[in-house]
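The values are calculated or read from the model by the stated rules, or taken from the named source; none is laboratory data. None of these values were measured; they are calculated from a predicted model. Ideal geometry is used to build each Cβ from the backbone, glycine not excepted, and the neighbour counts take in all protein chains shown. SASA here: full protein model, heavy atoms, side chains in, ligands and nucleic acids out. Shrake-Rupley method; radii C 1.70, N 1.55, O 1.52, S 1.80 Å.
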Amino acid sequence: MTNVGLVALAAGIIIGLGAIGACIGIGLMGGKYIEASARQPELMDKLQTKMFLLAGLIDAAFLIGVGIAMMFAFANPFRG
């Protein structure tokens, strides 16, 4: 396998693992939000604000990984 092929494989792994991690993180966070709002409905507005903030941060971490993978794919130093 050439260096270009390995870079493509690495980019796929970066994007795939980032997507899996983001999906698991948002799923766990959403479940805990539902559980917490069922226990204390009066705090639902505060919890919702914090949940959406954390969802954005989790997605931002995934998108940074996608950006790094795209940088490796399109600005590949191994390409001849």
**Request:** Calculate how steeply helix 44-74 sits against the longest principal axis of the alpha-carbon atoms of the chain, using the helix alpha-carbon long axis, and give the answer as 0 to 90 degrees to the nearest 10.
**Result:** 0
**Structure-based [θ]222 nm, the chain - -39500 (n - 2.57) summed over DSSP H runs of at least 4, per residue, nearest 500** = -31000 deg cm²/dmol
**Asked** Given Ile64, Phe74, Gly25, which one lies farthest toward the positive end of the charge dipole of the chain, if we put +1 on the Cβ of every Lys and Arg and -1 on the Cβ of every Asp and Glu?
**Response** Phe74
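Under the definition of Cα pairs under 8 Å and six or more residues apart, what whole-number percent is the relative contact order of the chain?
Numbers: 41 pairs, mean separation 46.3, N = 80.
In percent, rounded to a whole number, it is 58.
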**Item:** Matching label, Rg and Dmax of the Cα atoms in Å computed from the structure shown, candidates (1) 18.1, 61; (2) 12.6, 42; (3) 19.1, 72
**Value:** (1)
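Could you please state how large a percent of the accessible area of the chain is carbon and sulfur, counting protein chains only and using a 1.4 Å probe?
Details: 4370 of 5830 Å².
Ligands and nucleic acids excluded, carbon and sulfur reach 75 percent.
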